[in-house]
Amino acid sequence: QILAPNITDEIRRLKKERNAVILVHNYQSREIQELGDFVGDSLGLAYKAKETDADVIVFCGVHFMAETAKIVNPNKIVVLPDANAGCSLEQSCPAPQLEKFLQVHAEKNYYVIAYINCSAGVKALSDCICTSGNAVKIVEAAPKDRPILFVPDQNLGSWVMEQTGRKMDLWQGACYVHVEFTRDSINQIKEEYPDAAVVAHPECTYAVRMLADVVCSTEKMVHYCLESPAETFIIVTESGMLHRLEREVPHKRFIPGPTGHCRCADCRYMKMNNLEKLHNCLLNLSPQVEMAEDIRKRAEKPILRMLELSR
Ligand code: 13P
Ligand code: SF4
């Protein structure tokens, strides 16, 4: 009897056939993380995308991440399971609005630092890109004689100001997932687990960051939890992060940070991806990321500057 191959075997087979690499963000579901050649944060994934010699990049994350991979790999095919997997931060800063703002305030001669969670159009208007993993370094490396405009995340921006002491003008964008954690919801879970260390993403609000033992990118969370003497951690970020932590730090306990109205926080965009869509995008090599070459070229410069500066 010939058994029909299951979907994960089929994904592995197609991956080989296409000479593809599967890059997976830490917020993806457990089954997708298990199929990844590399699972990481936005910074690690950007480096992997830049370095790969595969013919096809399958990006399991959200659209701006796959777009970043395409910007640095114009001759490769970049596909993602669901082209509608957007990001509220990206939506909070449309490129035409930023362009207008920069024109109106042209006399300021802003040095624009864009958090990687933005469109290619916004990247093309920026001087340097950053991620949550290198934002402090990138801001510290910015020219001292120019004012900084930081787009689009006001929470990451204000956290970086606290860390560096450098004043910046902040675009008023936010991640709709991370602003759902509240001082009350985190205080309540701390009461339930008084010995737990609180680990929060810098996209959280100031009130929540104040309650954290550490504020860092998703990749740094793995290192922190491995090295910390604590046995239990309250993870104040998107729930997919717990899969990565449970795989890599199996001897410790992870509690999802609750929001004001839910036991854990899911990003609806990250969760649009599933095994079936992953299989289909490998099979059909669609949906692909594409963009106009002039935008791609302009967007590439600040990404390469970031990769160079954060080595
Ligand atoms: P990281 O770069 O820390 O993985 O964060 C990406 C993100 O989208 C956070 O919401
Ligand atoms: Fe965007 Fe927030 Fe989802 Fe991250 S968690 S992809 S910042 S909406």
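I'm trying to understand the selection: among the residues of the stretch 253-311, which are at pLDDT below 95 and within 13 Å of Glu238 (Cβ to Cβ)?
Those that are at pLDDT below 95 and within 13 Å of Glu238 (Cβ to Cβ): Cys262, Cys264.
Is it the case that Thr8 is more than 16 Å from ligand 1 (Cβ to nearest atom), crowded, with 17+ Cβ neighbours inside 10 Å and hydroxyl-bearing (Ser, Thr, Tyr)?
no
Do we find that Val179 is surrounded by fewer than 20 Cβ atoms within 10 Å (Cβ to Cβ) and within 20 Å of Ala114 (Cα to Cα) in this structure?
So Val179 passes the test.
So in the stretch 159-183, with the set limited to residues that are away from ligand 1 (no atom under 16 Å from the Cβ) and assigned to a helix (DSSP H, G or I), which one is farthest from Gly133 (Cα to Cα)?
Arg183
Does the stretch 241-248 contain at least one residue that is free of Cβ contacts under 8 Å to residues at least 40 places away in the same chain and in the same structural domain as Ser119 (by TED's automatic domain parsing)?
If we filter the stretch 241-248 for residues that are free of Cβ contacts under 8 Å to residues at least 40 places away in the same chain, which is where we start, we get 242, 245-246, 248.
Now drop any that are not in the same structural domain as Ser119 (by TED's automatic domain parsing), which leaves none.
No, every residue in the stretch 241-248 fails to be free of Cβ contacts under 8 Å to residues at least 40 places away in the same chain and in the same structural domain as Ser119 (by TED's automatic domain parsing).
Can we say Asn84 is of a type outside the set (D, E, K, R), assigned to a loop (DSSP other than H, G, I, E, B) and touching a residue at least 40 places away in the same chain (Cβ under 8 Å)?
yes
Out of all the residues in the stretch 104-115, is one or more closer than 25 Å to Gly40 by Cβ, within 15 Å of ligand 2 (Cβ to nearest atom) and either out of contact with any Gly (no Cβ under 8 Å at 6 or more places or on another chain) or not in a helix (DSSP H, G or I) (or both)?
Yes.
Quick one: would you say Val24 is within 16 Å of ligand 2 (Cβ to nearest atom), touching a Gly at 6+ places or on another chain (Cβ under 6 Å) and not in a helix (DSSP H, G or I)?
Yes, satisfied.
From Ala20, Ala106, Ala46, Ala114, which residue is modelled with pLDDT of 95 or more, surrounded by 19 or more Cβ atoms within 10 Å (Cβ to Cβ) and under 30 Å from Lys167 (Cα atoms)?
On inspection, the qualifying residue turns out to be Ala114.
When the residues of the stretch 251-281 are narrowed to those that are farther than 23 Å from Ala212 by Cβ and over 22 Å from the mean Cα position of the chain (by Cα), which ends up surrounded by the fewest Cβ atoms within 10 Å (Cβ to Cβ)?
Glu276
Can you tell me which residue in the stretch 53-77 is surrounded by the fewest Cβ atoms within 10 Å (Cβ to Cβ), limited to those that are under 19 Å from the mean Cα position of the chain (by Cα) and not in a helix (DSSP H, G or I)?
Result: Asn73.
With the requirement that a residue be charged (D, E, K, R) and crowded, with 19+ Cβ neighbours inside 10 Å, what does the stretch 195-220 give you?
Glu203, Arg209, Glu219
The values are calculated or read from the model by the stated rules, or taken from the named source; none is laboratory data. None of the values given here were measured: they were computed from a predicted structure. Please note: Cβ atoms are built from the backbone with ideal geometry, for glycine as well, and neighbour counts cover all protein chains shown.
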